[in-house]
Amino acid sequence: MSERSPALSITAFATLLLIALLMGANHVAARIAFDHGVDVATAVAVRSVATALVVGLLIVVQRVPVATTPRQRRFLPAIGLIVGVQSICLYSAVARLPVALALLAFNTYPLWTALWARLLYAHKPERRVVRAMPVMLLGLALALDVLGAASGLGAALQWQRIGLGVAFALAAAATFGLALVLTQHEAGTLDGRLRTTSTMAIVAVLALGGVAFQGGFHLPDVAAGWWGLALLTLLYGTGITILFTVLPRLGVVGNSAIMNVEPVFALVLAWLILGQSIAPSQVAGALLVVGTVVWLGLRRRAA
């Protein structure tokens, strides 16, 4: 039987869009940091340590129970390790590609989520989600100019330039989809604050190991880089906390596709902040994505 996700309220749908906005803005801020002296390991380490400390403080202040089951204790380290790999791969993609293009490739993760859920838990995705996904990806492809038409480079030169970055982004998508599925099925009943603290602490350890291996932190060399590093930390920490708290309750496989609007937010923010132009074909693609996302997010589902 197909896995059914609960119908989304307006508040829940808006929450998913807020996560997409925060994550899109986080990656624009990350690109600013990368352009001014910060490297991937430093960015991941700083944002993960800060997020783990802040959410850990919330656990203490709010007296969140920290009891876990043996099964949760087995899977939490694995989830943290997987998210660590995802973080490094995605920021590596952002460092090599235009922000929105990196997020296009990464936002295939709902497909990976459905695939992992099918392979690991024998869950079939809803037909409506499967039908919507190609339309969304087509819109994203137009919005992000993956064929190089708007830039005038053509497909061959475009992919010669972006191939490695896209590979990193797809690796990030595959690992993130796996992390979402494991979170829902193996740690979904655990308090989201505790899950986030555990995950970010493990990611921080991995990133700090990478920093040590490369000989130390690579910090910003100008004020803009410091602003980028601070904002990516704030935006990511806020978004990931909401993500791991709310998304498992909404149903990962059915609803994670709604956040595919993230690259469109990033595209607009990159245009406003980084000065990237948007061609008419990209605007058409963005409208196609937004329309499909609204249709998917506000649908009524059978119980």
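For residue 124, list long-range residues whose amide hydrogen, built 1.01 Å from N in the peptide plane, is under 5 Å from its own amide hydrogen.
3
Tell me, in nm to one decimal, what length is gained between residue 130 and residue 224 on full extension, where the rule is 0.36 nm per residue of separation less the Cα-Cα distance?
29.7 nm
How high is the relative contact order of the chain, in percent, with contacts defined as C-alpha pairs under 8 Å that are six or more residues apart?
The value is 43 percent.
Rank 135, 75, 41 by how far each Cα sits towards the positive end of the charge dipole of the stretch 1-148 (+1 on Lys, Arg Cβ; -1 on Asp, Glu Cβ) and give me just the farthest.
Farthest towards the positive pole: 75.
Residues with amide H under 5 Å of residue 39's amide H, sequence separation 5 or more or different chain, H placed in the peptide plane at 1.01 Å from N; which?
The list, which skips near neighbours in sequence, is 218.
Of all trypsin sites (Lys or Arg not before Pro) in the stretch 26-110, which ones are in loop regions per DSSP and have a Cβ with at most 16 other Cβ atoms within 10 Å?
63
Rounded to whole Å, give me the distance from the Cα center of the stretch 161-195 to that of the stretch 92-134.
If you average the Cα positions of each part, the centres end up 10 Å apart.
For the chain, would you read off the P(r) tail past 28 Å as a percentage of all alpha carbon pairs?
36 percent
How large is the dipole of the stretch 10-297 about the Cα centre if only Lys and Arg carry +1 and Asp and Glu carry -1, each at its Cβ, rounded to the nearest 20 debye?
Its charge dipole is roughly 820 debye.
For the stretch 38-129, which semi-axes, largest first and in whole Å, follow from the square roots of 5 times the eigenvalues of its Cα gyration tensor?
27, 24, 12
Bear in mind these aren't lab numbers, they're just calculated from the coordinates by the rules spelled out. Bear in mind the structure is a predicted one, so any value in this text is a computation, not a measurement. Cβ coordinates were reconstructed from backbone atoms using ideal geometry, including for glycine residues, and neighbour counts include every protein chain displayed.
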